[in-house]
Amino acid sequence: MNGFRSSVIWLTISLSSFASASTLSEVRSKDQLDCGVSTGIPGFSNPDQQGRWSGLDVDICRAVAAAVLGDADKVRYIPLTPGDRFSALSSGEVDILSRNTTWTHSRDTTLGMIFAGIAFYDGQGFMVQRTSGIQSVSDLGGAAVCVQGGTTSELNLADYFREHRLNYQPVSFGTSDLALEGFQAGRCAVLSSDLSQLYALRTRLEKRDSVLMLPEVISKEPLGPAVRQDDMQWYNIVKWTLYALVNAEEYGVDQTNVDAMRSSNKPVIQRMLGVNGDTGRAMGLSADWAYQIVKQVGNYREIFERNIGPDTPLGFDRGLNALWSEGGLLYAPPLR
């Protein structure tokens with residue numbers, strides 16, 4: 001009995017110690033942010049031939065590193081499949097998951113993780129060959145549909161086809177690249193995923209205009225970075241990093257003018273750039289944490305445009321990802 005009680009006490013102390021561990025301290029101790037990313041999605045998280053990672057999700061991690069370590073390049077990127085991404089976060093293998101992951105109720109309440117905000121408003125769609133003659137989802141009755149397993153896309157398909165009383169044959173693959181290969185090989189008539197991923201996969205095709213996106217969008221897919229639930233300080237850091245990117249765009253502060261903006265007479269800009277007041281202290285950061293983010297990584301508009309915007313191979317318009325003042329959904333709490 002005493003041995004059992006001792007084990008319980010030891011377990012309680014161990015769990016308590018784990019829960020109270022500071023991710024900020026650990027990241028600073030190793031002088032590196034471990035960022036969980038995809039196995040390769042152009043525009044979001046993708047390595048080049050030299051192993052250099054880039055993309056919108058990558059820049060979120062770079063922004064956190066700039067705020068915490070003062071250096072956006074101090075990031076180690078760990079590619080994760082849909083099946084291992086959540087365990088990698090909960091086990092501490094990564095400090096942040098920034099990997100085209102949809103914010104859902106079950107993920108937010110049952111996996112010990114918490115989403116720090118929405119970095120990209122997405123939705124699930126369908127890609128078909130132009131020669132197929134398919135013009136709408138209503139044409140897909142009985143069709144084989146390629147989809148990546150272990151994702152919300154797989155569940156959304158089942159719900160949508162059941163609701164609309166359409167039969168279909170799901171063909172599941174372990175990665176998005178394998179799903180694309182199956183689609184190209186004719187194993188399915190349509191490939192379904194988040195539009196962000198479909199547009200990214202289209203860039204891998206030799207003839208991009210050989211496919212088209214169907215008009216239907218069948219789900220809400222808010223994508224954003226996630227952290228463990230046991231560290232509110234770290235959660236606040238990642239959350240306010242994302243908000244700083246959005247606020248910087250709204251205030252007109254970008255990489256080209258951030259130094260000049262430190263002389264602005266606007267109190268809100270002075271606070272954000274650490275000229276007047278210290279918004280970093282409560283999070284354990286330096287006063288110029290947001291300045292470092294914009295100086296080294298840019299604001300949200302710059303991140304969007306260089307990775308997935310109209311002048312990139314993906315060619316996304318801002319749409320829902322525009323600022324609230326410009327007809328979109330991006331809205332960040334004030335830095336005060």
With charges only on Cβ, +1 for K and R and -1 for D and E, what is the dipole size of segment 140-262 about its Cα centre, in debye, rounded to 20? 320 debye
Which of the listed residues, Pro215, Ile41, His105, is farthest toward the dipole's positive end in the chain, when Lys, Arg count +1 and Asp, Glu count -1 at the beta-carbon? His105
About its Cα centre, the chain carries a charge dipole, from +1 on Lys and Arg Cβ atoms and -1 on Asp and Glu Cβ atoms, whose size in debye to the nearest 20 is 360 debye
Exceeding the 21 Å Cα-Cα cut-off - candidates Lys30/Lys295; Lys74/Lys239; Lys266/Lys295; Lys30/Lys74: Lys30/Lys295
In Å², rounded to a whole number, the accessible area per residue of segment 112-180 with probe 1.4 Å is 43 Å²
Please sort through the DSSP H helices of the chain and keep those with an alpha-carbon extent of at least 20 Å along the long axis and a Kyte-Doolittle average not below 0.5. 2-20
Whole-Hz couplings from phi, Karplus 6.51/-1.76/1.60, listed for segment 100-109; x for Gly and Pro: 5, 10, 6, 6, 10, 4, 5, 5, 7, 10
Restricting attention to segment 154-247, which GluC sites (Glu not before Pro) occupy a DSSP loop and are surrounded by at most 10 other Cβ atoms within 10 Å? Glu206
Take the solvent-accessible surface of the protein heavy atoms, probe 1.4 Å, and return the percent of it on the chain that carbon and sulfur atoms account for. 50 percent
Potential extension, Glu93-Ser22 segment - 0.36 nm per residue separation minus Cα distance: 24.1 nm
In whole Å, what are the extents of the chain along the principal axes defined by its C-alpha atoms, from largest to smallest? 68, 60, 39
Rounded to the nearest 5, what is the percent of antiparallel bridges among the DSSP beta bridges in the chain? 55 percent
Added length on full extension, which subtracts the Cα-Cα distance from 0.36 nm per residue, Tyr331 to Ala185: 48.3 nm
Using a basic spin-label model with each label point 7 Å from the Cα along Cα→Cβ, how many nm lie between Ala282 and Arg165? 5.4 nm
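The values are calculated or read from the model by the stated rules, or taken from the named source; none is laboratory data. These numbers were taken from a predicted model, which means no experiment stands behind them. Counting neighbours? That spans all protein chains shown, and the Cβs are built from the backbone with ideal geometry, glycine included. When the accessible area is computed, the model is the full protein with side chains, heavy atoms only, and any ligands, DNA or RNA have been set aside. Shrake-Rupley method; radii C 1.70, N 1.55, O 1.52, S 1.80 Å.
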